[in-house]
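*Asks:* Below is the structure I would like to discuss, written out as structure tokens.
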Amino acid sequence: MEDRARTRLAQRIRLLRRCRGWSQEVLAELSGLHRSYIGSVERAERNISLDNIERIAQALGVPIRDLLTEPDTAPPGEPGR
């Protein structure tokens, strides 16, 4: 089974984090999660819980839905739009 949603989420988190110039450590600290956990989420290795998706979205300052949009589209206000 293909994990398209998990891969999309992983790519989107990485894109948003990098657009902000943040390391995984910074995102981990702001979200209250461990850096190795953030790394495994960005590699689509984890079936992340909704609670942790919410924590990451809040840390990034975006609605949860923005984490599930297509990864090749820039979020509003980010380069590429």
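The values are calculated or read from the model by the stated rules, or taken from the named source; none is laboratory data. What you see is a predicted model; the values in this text were computed from it and never measured. Cβ coordinates were reconstructed from backbone atoms using ideal geometry, including for glycine residues, and neighbour counts include every protein chain displayed.
*Asks:* Given the conditions (1) assigned to a helix (DSSP H, G or I); (2) surrounded by 13 or more Cβ atoms within 10 Å (Cβ to Cβ), report the number of the one that ALA44 does not fulfil.
*Replies:* Exception for ALA44: condition (1).
*Asks:* Sticking with this structure for a sec: Of all the residues that make up the range 1-37, how many are within 21 Å of GLU70 (Cβ to Cβ), hydrophobic (A, V, I, L, M, F, W, C) and assigned to a helix (DSSP H, G or I)?
*Replies:* 8
*Asks:* Right, something else. Identify all residues within the range 47-57 that are surrounded by 14 or more Cβ atoms within 10 Å (Cβ to Cβ), touching a helix residue (DSSP H, G or I) at 6+ places or on another chain (Cβ under 7 Å) and in contact (Cβ under 8 Å) with a residue 12 or more places away in the chain; write none if there are none.
*Replies:* Answer for the range 47-57, where residues must be surrounded by 14 or more Cβ atoms within 10 Å (Cβ to Cβ), touching a helix residue (DSSP H, G or I) at 6+ places or on another chain (Cβ under 7 Å) and in contact (Cβ under 8 Å) with a residue 12 or more places away in the chain: ILE48, ILE53, ARG55, ILE56.
*Asks:* Any idea how many residues of the range 47-76 are small (Gly, Ala, Ser), in a loop (DSSP other than H, G, I, E, B) and either within 19 Å of VAL26 (Cα to Cα) or modelled with pLDDT under 90 (or both)?
*Replies:* 2
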